[in-house]
Amino acid sequence: MRPANLKEYLGQDHLLAEGSLLVAARKAGRLFSLILWGPPGVGKTTLARLLAQETDPTLHFLSFSAVLSGIKEIKAALDTARERWQFHRERTVVFIDEIHRFNKAQQDALLPHVETGEIILIGATTENPSFEVISPLLSRLRVFILQPLSEEALRTILLRAIADQERGLGRLFLNVSPEALSHLVKAADGDARAALNNLEAAAEIAAGRGGDPTLSLEDIQGAIQRKALLYDKNGEEHYNLISAFHKSMRGGDPDGALYWLGRMLAGGEDPLYIARRMVRFASEDVGNADPQALEVAVAAMEAFRFIGRPEGELALAQAAVYLACAEKSNALYVGWGKVQEAIDETGSLPVPLHLRNAPTALMKGWGYGRGYKYAHDYKDACISQEYLPEPLAARGDRFYVPSGRGGEREIEARRLRQAKKAGEVLKTPPA
């Protein structure tokens, strides 16, 4: 069911829209070296083949897997590509799947061939190329980011596979209930390969049953039971586990945090999803009560990116325990919510004149910047000056109210000292 041409290719409209760089290169017959970065099953390999095929049919296309191919095999192909270019002026597209698996020496071997233009290198990767591809090579490649396929695209792919008698399952004359199709789409989570594999498994169940060729929701659930249990990110259990993890950290229980972290990882949850939730937790539930919590969470996420599984899981565990044991404050979270409510309520309030930039004489004449007090001109850089729009200042809005726990004790004390030195009474938030 791979698309035979770009007209059949679904998804990635941001890369293949009229006027885009890839479309312009294809029309001009001038394909260039590039990297396709995106999650599994979104069409990286297919797009590479179709771009080469439709840009210039005379291009030679060589495909390698960084997992299976060694440096000796790659060098032999590069030598052939060099001879083809030198003697026949024919160019070769070298496609390398999972290019991030190549080590530095293997990537270095590609560099001179890309520099001279003897080959057009197309790499595909599920990992951030900024971390996984050496800088000299990356600087000679354009990076294009592919997104998970939309539900609409997946639905079209599945219906096409059901109807196509030559490449798909059309010879089985299958029907599919709306509920079953919807479940197939959601279980695939943007991955066309997973969607088609699950469809094929369900079709085998239906064929073995005989009789009515309609794929029911039960057929789909039976086909993807294990897959859905492990990877269905829209399922109830996914939300139950992340909720238990989050609440264990919020409640200060490192044992619960470690247990639910382990359950999620054992169940196939994306570790980077967990890491992102911990980064969010560090700001939402810890905040400035322990500012280091955000650093720990971000460091754990980057450590996992660098090390991978299984070793990188320990960094996530370390961060989970730190967050669980950290002083807690949701003052930042509450304050941010108040800011958003105020903006929704009051709209685009003008910037007070004394805070406006005045780069021209005309703007100074309009009063821009007039009356602004430069804090460093005053003792201890403390100055009584209003920084909110007048309507908010008039009603005494105060968004961030430190909790008095952990590092926020010092923040509140600092604000009181500054207010005292500036000769003003610190506003208290309205009830």
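The values are calculated or read from the model by the stated rules, or taken from the named source; none is laboratory data. Not measured: the values here are computed from a predicted model. So basically every Cβ, Gly included, is an ideal-geometry build from the backbone, and we count neighbours across all protein chains shown. Heavy atoms of the whole protein, side chains included, go into the accessibility calculation; ligands, DNA and RNA do not. Shrake-Rupley method; radii C 1.70, N 1.55, O 1.52, S 1.80 Å.
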Can you name the residue in the stretch 312-326 that is of a type in the set (A, V, I, L, M) and surrounded by 20 or more Cβ atoms within 10 Å (Cβ to Cβ) and, of all such residues, is nearest to ILE274 (Cα to Cα)? LEU316
Filter the stretch 70-107 for residues that are open to solvent by 80 Å² or more (accessible area, probe 1.4 Å) and among the acidic types (Asp, Glu); the one that is modelled with the highest pLDDT is GLU83
Would you pick out the residues in the stretch 198-214 that are closer than 22 Å to LYS186 by Cα, in a helix (DSSP H, G or I) and either in contact with a Gly (Cβ under 6 Å, 6 or more places away or on another chain) or not hydrophobic (A, V, I, L, M, F, W, C) (or both)? ASN198, GLU200, GLU204, ILE205
So in the stretch 388-430, with the set limited to residues that are outside any loop (DSSP other than H, G, I, E, B), open to solvent by 40 Å² or more (accessible area, probe 1.4 Å) and of a type outside the set (D, E, K, R), which one is modelled with the lowest pLDDT? GLN418
Tally, over the stretch 276-308, of residues that are buried (at least 21 other Cβ atoms within 10 Å of the Cβ), under 27 Å from PRO402 (Cα atoms) and of a type outside the set (D, E, K, R): 11
Tell me, please, whether a residue that is under 17 Å from TRP37 (Cβ atoms) and among the β-branched types (Val, Ile, Thr) can be found in the stretch 148-160. no
Any residue in the stretch 250-257 that is out of contact with any strand residue (DSSP E or B) (no Cβ under 9 Å at 6 or more places or on another chain), open to solvent by 70 Å² or more (accessible area, probe 1.4 Å), modelled with pLDDT of 90 or more and part of a helix (DSSP H, G or I)? yes
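Residues are listed down the side, and each one gets a yes or a no for (1) outside any helix (DSSP H, G or I); (2) surrounded by 12 or more Cβ atoms within 10 Å (Cβ to Cβ); (3) modelled with pLDDT of 90 or more:
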residue	(1), (2), (3)
PRO310	yes, no, no
LYS328	yes, yes, yes
VAL334	no, yes, yes
GLY369	yes, yes, yes
Of the numbered conditions (1) in a strand (DSSP E or B); (2) in contact with a Lys or Arg (Cβ under 7 Å, 6 or more places away or on another chain), GLU115 satisfies every one except a single condition; which is it? (1)
Considering the stretch 143-170 alone, what residues qualify as being modelled with pLDDT of 90 or more, surrounded by fewer than 20 Cβ atoms within 10 Å (Cβ to Cβ) and assigned to a helix (DSSP H, G or I)? GLU151, GLU152, ARG155, THR156, LEU159, ARG160, ILE162, ALA163
Of all residues in the stretch 16-44, count the ones that are of a type outside the set (Lys, Arg) and open to solvent by less than 30 Å² (accessible area, probe 1.4 Å). 13
May I ask you to list the residues in the stretch 70-91 that are without any contact (Cβ under 8 Å) to a residue 24 or more places away in the chain and assigned to a loop (DSSP other than H, G, I, E, B)? GLY70, ARG89
Quick one: THR46 ticks every box in (1) in a helix (DSSP H, G or I); (2) more than 14 Å from LEU110 (Cα to Cα); (3) touching a Ser or Thr at 6+ places or on another chain (Cβ under 7 Å) except a single one, so which number is it? (3)
